[in-house]
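Undergrad: Dropping the structure in here first, questions after.
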Amino acid sequence: MSVETVKSVQQKSPRHRARELALQGIYQWRVSGTDASDIETHLQGEKNLGRYDKPMYARLLRGVLDQHEALAVLLTPYLDRALDELSTVEFSVLLLAAFELSQQPDVPYKVVINEAVELAKTFGGTDGHKYVNGVLDKLAPKVRAVEFANNGK
């Protein structure tokens, strides 16, 4: 890792860093079929990970991998193509955000969407973050109806 990369990792919040690492694990699972235990073991061997919320990382990674089929069903009505036609990064970001929206009600939906967009900007293609934002803007009111009602939406 370069000095710039190490500084960048150290400046991120532990929760954001946990999301980044979970996203990388989901990506690895998607590409290679590796299970959560192997992904976590591999991560523990890495150096210069920076500060990250370890329980949150494990909850996100395991939650997404355990519930990926239900999350795909949740996302499908809001996609303009099949999930397997999405880039691996978009697919992984959307699964992660769908998990947080549906299973982590303590995290405000605006935070979930913002974090997902930032992850897509960092790891995805040129306009992937716009697609992620559009899908999540449609999904959030359905899975967070009470939160939207309380916010006057």
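Undergrad: Given the conditions (1) surrounded by 21 or more Cβ atoms within 10 Å (Cβ to Cβ); (2) closer than 19 Å to G33 by Cα, and given that D84 satisfies all but one, which numbered condition is not satisfied?
TA: With respect to (1) surrounded by 21 or more Cβ atoms within 10 Å (Cβ to Cβ); (2) closer than 19 Å to G33 by Cα, D84 is out only on (1).
Undergrad: State whether one or more residues within the range 4-14 are modelled with pLDDT under 95 and part of a loop (DSSP other than H, G, I, E, B).
TA: We begin by selecting, within the range 4-14, every residue modelled with pLDDT under 95; these are 4-13.
Still in the running and part of a loop (DSSP other than H, G, I, E, B): 12-13.
Taking every residue of the range 4-14 in turn, at least one turns out to be modelled with pLDDT under 95 and part of a loop (DSSP other than H, G, I, E, B).
Undergrad: Has the range 69-87 got at least one residue that is among the β-branched types (V, I, T), modelled with pLDDT of 95 or more and within 18 Å of V31 (Cα to Cα)?
TA: Kept after step one, since they are among the β-branched types (V, I, T), are these residues of the range 69-87: 73, 76.
Adding the requirement that they be modelled with pLDDT of 95 or more leaves 73, 76.
In the following step, the residues that additionally are within 18 Å of V31 (Cα to Cα) were identified as none.
No: zero hits.
Undergrad: Then there's this: All but one of (1) surrounded by fewer than 17 Cβ atoms within 10 Å (Cβ to Cβ); (2) farther than 16 Å from L23 by Cα; (3) not hydrophobic (A, V, I, L, M, F, W, C) hold for R144; which doesn't?
TA: (1)
Undergrad: Could you tell me which of the residues R62, R17 is touching a residue at least 24 places away in the same chain (Cβ under 8 Å), out of contact with any Gly (no Cβ under 7 Å at 6 or more places or on another chain) and charged (D, E, K, R)?
TA: R62
Undergrad: Would you be able to tell me the number of residues in the range 115-136 that are surrounded by 13 or more Cβ atoms within 10 Å (Cβ to Cβ) and of a type in the set (D, E)?
TA: 2
Undergrad: So the check is Cβ under 6 Å with 6+ separation or different chains; which pairs have a first residue in the range 95-109 that's at pLDDT 95 or above and a second one that's crowded, with 23+ Cβ neighbours inside 10 Å and acidic (D, E)?
TA: Taking only residues 6 or more apart or on different chains, the pairs are V107/E100.
The values are calculated or read from the model by the stated rules, or taken from the named source; none is laboratory data. Treat the numbers as computed from the prediction; the structure is a model and nothing was measured. Positions of Cβ are generated from backbone atoms using ideal geometry, with glycine treated the same way; all protein chains shown enter the neighbour counts.
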